[in-house]
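Colleague: Take a look at the following structure, please.
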Amino acid sequence: DAGVIQSPRHEVTEMGQEVTLRCKPISGHNSLFWYRQTMMRGLELLIYFNNNVPIDDSGMPEDRFSAKMPNASFSTLKIQPSEPRDSAVYFCASSAGTGVVKQYFGPGTRLTVT
Amino acid sequence: TQLLEQSPQFLSIQEGENLTVYCNSSSVFSSLQWYRQEPGEGPVLLVTVVTGGEVKKLKRLTFQFGDARKDSSLHITAAQPGDTGLYLCAGGKSNYQLIWGAGTKLIIKP
């Protein structure tokens, strides 16, 4: 079975450009998480969806960040405009059921903003 | 602010040695998870402990949850190069929220 799929795997863009990261969760999973990982701050939860509905977006840094989940098999994280401090690895993870259960992480998107 | 402190941050040892990684907090967690992350990949869950004092073994890895559910440890016996990676602990706080440690980067030299 396919795991969580993320695209692109690497993205290099210039400051001010729009960046869209994509995620396909594991089929049947009803929870989806977007994380950001940096050396300085470690792994940070950006937003959590349950049954396609955003439940907790308190980790979204600012209005430049937005996330959508139009259906159970697709989610996007958009940064507009991007800034150098957004450079990080962005992970999408999905899980089944409720409670603190096993989260399955995608391979991540390494974003570099110059 | 809820913090989960991991120690050491970095550990480099020879194959065959034993090691322990610690995860400490002043907060109580409903559960504690340990993940391993390899370069270029996402974290992969190793174990979940939920009961104070619980001990779980996964081959050469032993995980323990503190009696008060505020701390945890990961002990590796006879470390092998394949154990190399970033080890992350994560404490469960709500029905979905995990509080993540900063990680321990482990290198096992052959």
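No lab work stands behind these numbers, since they all come straight from the coordinates. Since the model is a prediction, treat every value here as computed from it, not as a measurement. With ideal geometry, Cβ positions are generated from the backbone for all residues, glycine too; neighbour counts draw on all protein chains shown.
Colleague: Quick check on this structure: which one of A:SER82, A:SER87 is surrounded by fewer than 18 Cβ atoms within 10 Å (Cβ to Cβ) and over 20 Å from B:GLY101 (Cα atoms)? Explain how you work it out, then say what you get.
Modeller: Details: A:SER82 fails: surrounded by fewer than 18 Cβ atoms within 10 Å (Cβ to Cβ).
Just a single option satisfies the conditions, and that option is A:SER87.
Colleague: Next question, about the same structure. Scan B:LEU88, B:LEU74, B:LEU46 and give me the residue that is of a type in the set (A, V, I, L, M), in contact with a Phe, Trp or Tyr (Cβ under 7 Å, 6 or more places away or on another chain) and at the interface with chain A (Cβ under 9 Å from one of its Cβ atoms). Spell out how you get there, then give the answer.
Modeller: Working: B:LEU74 fails: at the interface with chain A (Cβ under 9 Å from one of its Cβ atoms); B:LEU46 fails: at the interface with chain A (Cβ under 9 Å from one of its Cβ atoms).
Result: B:LEU88 is the single residue among B:LEU88, B:LEU74, B:LEU46 that is of a type in the set (A, V, I, L, M), in contact with a Phe, Trp or Tyr (Cβ under 7 Å, 6 or more places away or on another chain) and at the interface with chain A (Cβ under 9 Å from one of its Cβ atoms).
Colleague: Please work out which residue is surrounded by the fewest Cβ atoms within 10 Å (Cβ to Cβ), limiting yourself to the stretch B:91-110 and to residues that are under 11 Å from the mean Cα position of the chain (by Cα) and facing chain A (nearest Cβ under 7 Å).
Modeller: Taking the candidates together, the pick is B:ALA102.
Colleague: Can we say B:ILE76 is of a type in the set (Val, Ile, Thr) and surrounded by fewer than 17 Cβ atoms within 10 Å (Cβ to Cβ)?
Modeller: Details: of a type in the set (Val, Ile, Thr): yes; surrounded by fewer than 17 Cβ atoms within 10 Å (Cβ to Cβ): no.
For B:ILE76, the condition - of a type in the set (Val, Ile, Thr) and surrounded by fewer than 17 Cβ atoms within 10 Å (Cβ to Cβ) - is not met.
Colleague: Hey, another quick one. Is the stretch A:63-71 home to any residue that is within 12 Å of another protein chain (Cβ to nearest Cβ) and surrounded by fewer than 20 Cβ atoms within 10 Å (Cβ to Cβ)? So that I can check it myself, show each step before the final result.
Modeller: Looking only at the stretch A:63-71, we keep the residues that are within 12 Å of another protein chain (Cβ to nearest Cβ), and these are none.
Within the stretch A:63-71, not a single residue is within 12 Å of another protein chain (Cβ to nearest Cβ) and surrounded by fewer than 20 Cβ atoms within 10 Å (Cβ to Cβ).
Colleague: Out of the residues in the stretch B:1-50 meeting the condition of being among the acidic types (Asp, Glu) and either under 26 Å from A:VAL4 (Cβ atoms) or in contact with a helix residue (DSSP H, G or I) (Cβ under 7 Å, 6 or more places away or on another chain) (or both), tell me which one is surrounded by the most Cβ atoms within 10 Å (Cβ to Cβ).
Modeller: Going through the stretch B:1-50, the residues among the acidic types (Asp, Glu) turn out to be B:5, B:15, B:17, B:38, B:41.
Remaining after also requiring either under 26 Å from A:VAL4 (Cβ atoms) or in contact with a helix residue (DSSP H, G or I) (Cβ under 7 Å, 6 or more places away or on another chain) (or both): B:15, B:38, B:41.
Details: B:GLU15: 13, B:GLU38: 12, B:GLU41: 15.
Going through the qualifying residues, I end up with B:GLU41.
Colleague: While we're looking at this one, here's another question. Among all residue pairs at least 6 apart or on different chains, which show Cβ distances below 7 Å where the first residue, located in the stretch A:27-44, is among the β-branched types (Val, Ile, Thr) and the second is in a strand (DSSP E or B)?
Modeller: Final answer for the pair search is A:THR38/A:ALA88.
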